[in-house]
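The values are calculated or read from the model by the stated rules, or taken from the named source; none is laboratory data. Keep in mind it's a predicted model, so treat the numbers as computed, not measured. Don't worry about glycine lacking a Cβ; one is built from the backbone with ideal geometry, like all the others, and counts go over all protein chains shown.
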Amino acid sequence: METQEIQSLTPLRGLAAIWVVCFHYGVVYFAFHPEQFSWIFNKGYLAVDMFFMLSGFVLSHVYWRTFVSQQALQAKDYWNFIGARIARLYPSHLFNLGLFLIATLGFSVYDYIHAGKFDAIPLHGARSLTALLANLVMLQGLKAGDLAWNYPAWSISVEFLAYFLFPLALPFIALAEGRKRRLLAGMAFFCLCLFAYLANGDFNQWNGPMTLLRCLPEFIVGALLYAGFRESSWPDWLKWDSVIAAIFCGILVLLHFGIPDLIIVIVFPAVILSAVMNVGRVAPILNSAPLIWLGNISYSLYLAHGFVQFVTTRLLAATDVQKTTNLSDANSIALLIAMSAATMLIATFSYRQVEVAGRSYLRRLLRSQYERSPAKDSRQSRKASSATAGSPTQRYPLPRLSPSAIPPTRIRLIAQAASRLNQLRATNLKPR
């Protein structure tokens, strides 16, 4: 498993998280329509497509040696990978799920005190007991409209399903060369075109199995990007500052004018490659400490913003603000600032106290399940001992001791004893 990070991937993840937060907050809580000025806010759902590509790229980098260098996929490596992904996703997911449960029950108690009506958690539908079970096993993304508690979590559900195929697909991607790799890229592009056709060009699809047609091809695209990056197949001009500036400016122009989603998604690979390959002045800026920190908390930020939005909506309803269009421009902007600050605080706490700590604990717990049992180790040790018991060439090695740490007299005695044992072993005599 590769542990060395590639530059710019973490900051890109942070920027994508901020983009999707601005989309969900801005579209719902702005008193005016942002698309009157620019479509950048309203296209924030495309950040999820960036997430899928980045995940394919990062996981290919981390697990390339594990899944590609071996002749056959080992069951232990496969389940260790799944365990590592569970440890990565579940702590923050369960933490936010718990926040939703507490808030839902709290609002029900509030309604009972003030209106005499207690709304119990329903059996079916969104934020129901059935949805809770689906969230516990990460299946909410298959029908998020009926199974969601924290609605942004639909994407981590479909990505979790992609994890089960990833160890099988990565060796095939790595071994494919030339025409075969281009064929894979063409198939991924065809799937995205099919998705765009079925969605009438709108990539903001998060409800139903069709989301897999959005996630899986983009995951494969990320893996293909890394394969070319690892083999230095991409052109050197992607390293230039002028190129990354042109690509970033170009995609902002496309977003500003609301160009069709498929075209924007097709440009994302160029964004990723120009960011990770840049060797000029842009790379230090992109990898500055604030953006690295933002990327580190991006997963917690992504999940926490759904909870903040849920609580804000309920609080506004309690104050008779049924429609956010009733807010003034100043109040809506102040509300957005307060929501963003609350989201940052929850995400920072969740990252430090839940995500990192929970990941470490679950990795240790799950890894121990795949280690060899002591009984098996003992049998293998006895087998190895019996195989070498009668070999006259077996020698007791001289111990490697430090003369500065042990008195010279003791060193001589140990060396003499080891030499005597080797002689006894050579003659098949047993020391008394």
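What to note about this one:
- Subset of region 118-134 [surrounded by fewer than 22 Cβ atoms within 10 Å (Cβ to Cβ) and either touching a residue at least 40 places away in the same chain (Cβ under 8 Å) or of a type in the set (A, V, I, L, M, F, W, C) (or both)]: Phe118, Ala120, Ile121, Leu123, Ala126, Leu129, Leu132, Leu133, Ala134
- Subset of region 198-243 that is part of a helix (DSSP H, G or I) and acidic (Asp, Glu) - its residue that is nearest to Val62 (Cα to Cα): Glu218
- Boolean, Leu139 is under 22 Å from Phe52 (Cβ atoms), among the hydrophobic types (A, V, I, L, M, F, W, C) and at pLDDT 90 or above: yes
- For region 1-38, taking the residues that are touching a His at 6+ places or on another chain (Cβ under 9 Å) and of a type in the set (Asp, Glu), the one that is nearest to Ile272 (Cα to Cα) is identified as Glu5.
- Filtering region 245-303 to residues that are of a type in the set (Val, Ile, Thr) and either under 21 Å from the mean Cα position of the chain (by Cα) or over 25 Å from Ile220 (Cα atoms) (or both) leaves Val253, Val265, Val271, Ile272, Val276, Val279, Val282, Ile285, Ile292, Ile297.
Listed here are the residues, each with its yes/no results for (1) within 22 Å of Ser155 (Cα to Cα); (2) in the same structural domain as Pro152 (by TED's automatic domain parsing); (3) assigned to a loop (DSSP other than H, G, I, E, B); (4) among the hydroxyl-bearing types (Ser, Thr, Tyr).
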residue	(1), (2), (3), (4)
Ile102	no, yes, no, no
Leu105	no, yes, no, no
Tyr110	no, yes, no, yes
Ile113	no, yes, no, no
Lys117	no, yes, yes, no
His124	yes, yes, yes, no
Arg127	yes, yes, yes, no
Leu133	yes, yes, no, no
Met138	yes, yes, yes, no
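- Here Thr10 qualifies as in contact with a Gly (Cβ under 6 Å, 6 or more places away or on another chain) and either among the polar types (S, T, N, Q) or not assigned by TED's automatic domain parsing to the domain that holds Leu147 (or both).
- Members of region 146-197 found to be more than 23 Å from the chain's Cα centre (by Cα), exposed (fewer than 13 other Cβ atoms within 10 Å of the Cβ) and under 30 Å from Ala126 (Cβ atoms), listed by number: Tyr197
- Candidate set: region 89-107, residues that are surrounded by fewer than 20 Cβ atoms within 10 Å (Cβ to Cβ) and of a type outside the set (A, V, I, L, M, F, W, C); chosen: the one nearest to the chain's Cα centre (by Cα): Tyr90
- Helices (runs of 4 or more DSSP H) fully within region 266-358 that include at least 3 residues being exposed (fewer than 15 other Cβ atoms within 10 Å of the Cβ): 298-318, 329-349.
- Check on Leu362, within 22 Å of the chain's Cα centre (by Cα), at pLDDT below 95, farther than 16 Å from Tyr302 by Cα and surrounded by 14 or more Cβ atoms within 10 Å (Cβ to Cβ): yes
- Residue within region 37-55 that is free of Cβ contacts under 8 Å to residues at least 24 places away in the same chain and surrounded by 14 or more Cβ atoms within 10 Å (Cβ to Cβ) present: yes
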